[in-house]
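A short worksheet on the structure shown next.
The values are calculated or read from the model by the stated rules, or taken from the named source; none is laboratory data. Note that the coordinates shown come from a computational prediction; the quantities given were computed from them, not determined experimentally. Heads up, the Cβs are rebuilt from the backbone with ideal geometry, glycines too, and the neighbour counts pull from every protein chain shown. Heads up: the accessible areas ignore ligands, DNA and RNA and are worked out on the full protein's heavy atoms, side chains in. Shrake-Rupley method; radii C 1.70, N 1.55, O 1.52, S 1.80 Å.
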Amino acid sequence: MKKTGWIIVAVIVVLVLWLFSGYNGMVSSQEEVTTELANVQTQYQRRADMMPQLAKIVKAYAKHERETFEQVTKARAAVGQVKLDANNLTEANLKQFTAAQGELTNAFSKLMLVAERYPELKASENFKSLQIQEEGTENRISEARRKYNEAVQSYNVKVRRMPNAIIAGLFGFDTMPKFEAAAGSEKAPDLDI
C-alpha cells in the first residue's frame, strides 16, 4: 500500500475512534442526567409518602380543618398522576411535574399553618419527628434538583459544542430541560386558611 493509502486509513481510524469516543461520552452524560432525575423523583416520592401520616396526626388534633386535609389529599393524588419519563423528558413535562409538586408544597404549607394553631400538636413527639423528616426531605429535594441541573448543564454543553454537536445531530442527542423555579415563587404563598 502506498503512503497515501496509509494516511487515508489512519485518518479514517482516527475519525472512527473520535466518533466512538464522542458518542460514548454523550451516552455517559445522558445516563448521569437520567440518574439525577431519578434521584429527584425519589425525594419527591419520599415527601409524598410522608404526607398522609403527617395529615393524619394533624387531623387528630384539628378535626374541623377538613378543607386543608382535602387539599393535601388532592395535591398528593395529582403528584401521583404526573410521571416523568427520562426517555421523553420535555420542558412541558418537567413544568407539569413541577406544578404538581408546587401544589403539594402549598398544601403542606397550609397543613403546617393549621398545626401552628394547636400547641399540643406541636408538642407531640410524632409530629415533631415527622416535621424534622419533612424539613430534611425538602433539603434533599433541593440538593437533588441542584445536582440534576448541574448534570443537565454539563450534558447540554457537551451536546451543543463542536465537534460533538455533529455526533449529537447524527445520533439524536437533544438538549434536556432544567428544573426552574415556578412562576411566582419569588412571592410567599397565600396561606389564607
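Tabulated data for the structure shown
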item: Leading residue by the ranking (farthest from the chain's Cα centre (by Cα)) among those in the stretch 92-139 that are more than 16 Å from Gln43 (Cβ to Cβ), of a type in the set (D, E, K, R) and part of a helix (DSSP H, G or I); result: Glu120
item: Filter result (over 30 Å from Arg146 (Cα atoms), of a type in the set (D, E, K, R) and free of Cβ contacts under 8 Å to residues at least 24 places away in the same chain) within the stretch 35-68; result: Lys56, Lys59, Lys63, Arg66
item: Given (1) open to solvent by 80 Å² or more (accessible area, probe 1.4 Å); (2) over 30 Å from Leu113 (Cα atoms), number of the condition Leu89 does not satisfy; result: (1)
item: Close pairs (6 angstrom Cβ cut-off, 6 or more residues apart or separate chains): basic (Lys, Arg) in the stretch 132-150, modelled with pLDDT under 90 and surrounded by 16 or more Cβ atoms within 10 Å (Cβ to Cβ) anywhere; result: Arg145/Phe179
item: Complete set of residues in the stretch 58-83 that are crowded, with 19+ Cβ neighbours inside 10 Å and of a type in the set (A, V, I, L, M); result: Val58, Val72, Ala75, Val79
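Residue-wise test of (1) surrounded by 13 or more Cβ atoms within 10 Å (Cβ to Cβ); (2) over 30 Å from Glu180 (Cα atoms); (3) among the basic types (Lys, Arg).
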residue: Lys3; (1), (2), (3): no, yes, yes
residue: Ala10; (1), (2), (3): no, yes, no
residue: Leu37; (1), (2), (3): yes, no, no
residue: Ala48; (1), (2), (3): yes, no, no
residue: Ala55; (1), (2), (3): yes, no, no
